[in-house]
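This report refers to the structure that appears directly beneath it.
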Amino acid sequence: MSIEALLTALLASTIISSVALTIASLGEAIGESAGLLNLGIEGMMLISGFVGFWAALESNNLWLGFLASIVCGAVAGLIFGGLVVLAQADQVIVGLAMTLAGGGLSGYLFREAYGSNQPLLQGDLGRPLRHLGGGIPVIGPAIIGQKWIVFVTWALVPLVWWLLRRTRFGLEIRAAGERPFAADVAGVDVTRVRLLAAVINGAFSGLAGAALALAELGFFRPGITVGTGFIAIAIAMVGRWDPLRIAIAALLFGLLRSAGTWMQITGVNIRPEFLQMLPYLGVIVAIVILARGTRLPAALGLSYRRGIDRT
């Protein structure tokens, strides 16, 4: 295999591997900006990924599968928001419970539906720009020739930035995460804002699960996320809730994930177990280096009851 082909494969794999992580991290950035620490992303991705896969397989319609995943994620986000915002439950406990529930339920439903079989989706939703980059080496097939979900993900980055930085709702989200008592005094309905942020977070998690199962892999199996939800939480914090930084961090993680396969293809003699560890070691190193300069939202993880300032 030529050097050009190897570089094309590495770049293409890096980009598609970062998609689900980028989407989940953007959703978590919205939630954390509102003061909600959602440790349930992993479970939301799993159950949404299964629901979307089942819907797409049964209807033979990938668009319906994506819609089902987003709706499922939004419902899961509403449940999370209802428990931590309305019922004032501990965010960490609820998030971990949702991860366990989502993982267990998706595994159970998959085995009930398909047993030991591994059904595969037929076809995909296409590569909308593939005809434009045919004459450009490496970049053409690796970037311009990507699946449509990649371009949707890249469009979400400036959209989330605009939402958080240039809209009144974004200002309310950040106020709810920094000074909910002051926001309440100023006329912001903190409960409504946090509930909406939880639903948006869940919808993004659902889309991330669909991106992984329906677009990247074309199949679902229990535990398919292999920690992506938890990495998304770390990426959102390392990226300091800035969508562009989050996208760059997700790309670096995707590069480390793809580097292992690339090394094996090129014949580098490294044990595969170490290669599988690379992306997670990279996240740990990034957290150690960057965490000291990261200031969390003042009310992150704290419940808010009207008239009581806990920050």
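A short reminder: the numbers here are calculations on the coordinates, not readings from a lab. Keep in mind it's a predicted model, so treat the numbers as computed, not measured. Every residue, glycine as well, gets a Cβ built from its backbone with ideal geometry; the counts of neighbours run over all protein chains shown.
Secondary-structure-derived ellipticity at 222 nm for the chain, considering helices only, amounts to -22500 deg cm²/dmol, per-run term -39500 (n - 2.57) for DSSP H runs with n ≥ 4. The order of the peptides 107-117, 145-155, 65-75, 27-37 by mean Cβ neighbours within 10 Å, most packed first, is 27-37, 65-75, 145-155, 107-117.
FRET efficiency for the pair Leu302 and Trp154, taken as 1/(1 + (r/R0)^6) with r the Cβ-Cβ distance and R0 = 25 Å, rounds to 0.15. Annotation: extensible slack from Glu58 through Phe169 equals 36.2 nm (criterion: 0.36 nm per residue apart, minus Cα-Cα distance). One way to sum up the overall shape of the chain is the equivalent ellipsoid from its Cα gyration tensor, whose semi-axes run 33, 22, 19 Å, largest first. Taking label points 7 Å from Cα along the Cα-to-Cβ direction, Glu4 and Arg221 give a separation of 3.5 nm. Rounded to the nearest 10 degrees, the inclination of helix 91-114 to the longest alpha-carbon principal axis of the chain is 40 degrees. For the chain, the longest principal axis of the alpha carbon atoms and the long axis of helix 62-81 meet at an angle near 30°. Charges were assigned to the Cβ only: +1 to each Lys and Arg, -1 to each Asp and Glu. The resulting dipole of region 1-139 about its Cα centre is roughly 260 debye.
Note on Gln276/Trp162: beta-carbon distance plugged into 1/(1 + (r/R0)^6) with R0 of 30 Å gives a FRET efficiency of 0.25. For the chain, take the longest principal axis of its alpha carbons; what is the angle in degrees between that and the long axis of helix 148-166, to the nearest 10 within 0 to 90? The answer is roughly 20 degrees. For Val185 and Leu244, a Förster radius of 45 Å and the Cβ-Cβ distance give a FRET efficiency of 0.90, rounded to the nearest 0.05.
Listed peptides 189-195, 42-48 appear in the order 42-48, 189-195 once ranked by packing, highest mean of other Cβ atoms within 10 Å at the front. Going by the alpha-carbon gyration tensor, a ≥ b ≥ c the square roots of its eigenvalues, is region 1-47 rounded (a/c under 1.5) or, if a/c is not under 1.5, prolate (a/b greater than b/c) versus oblate? Prolate, since a/c reaches 1.5 and a/b exceeds b/c.
When peptides 209-219, 119-129 are ranked by their average number of other Cβ atoms within 10 Å per residue, the highest-first order is 209-219, 119-129. Considering region 1-110, its Cα convex hull presents a mean projected area of 9.1 nm². Given +1 at the Cβ of Lys and Arg, -1 at the Cβ of Asp and Glu and no other charges, the dipole of the chain around its Cα centre is 540 debye to the nearest 20. Residue order for Leu159, Leu26, fewest other beta carbons within 10 angstrom first, comes to Leu159, Leu26.
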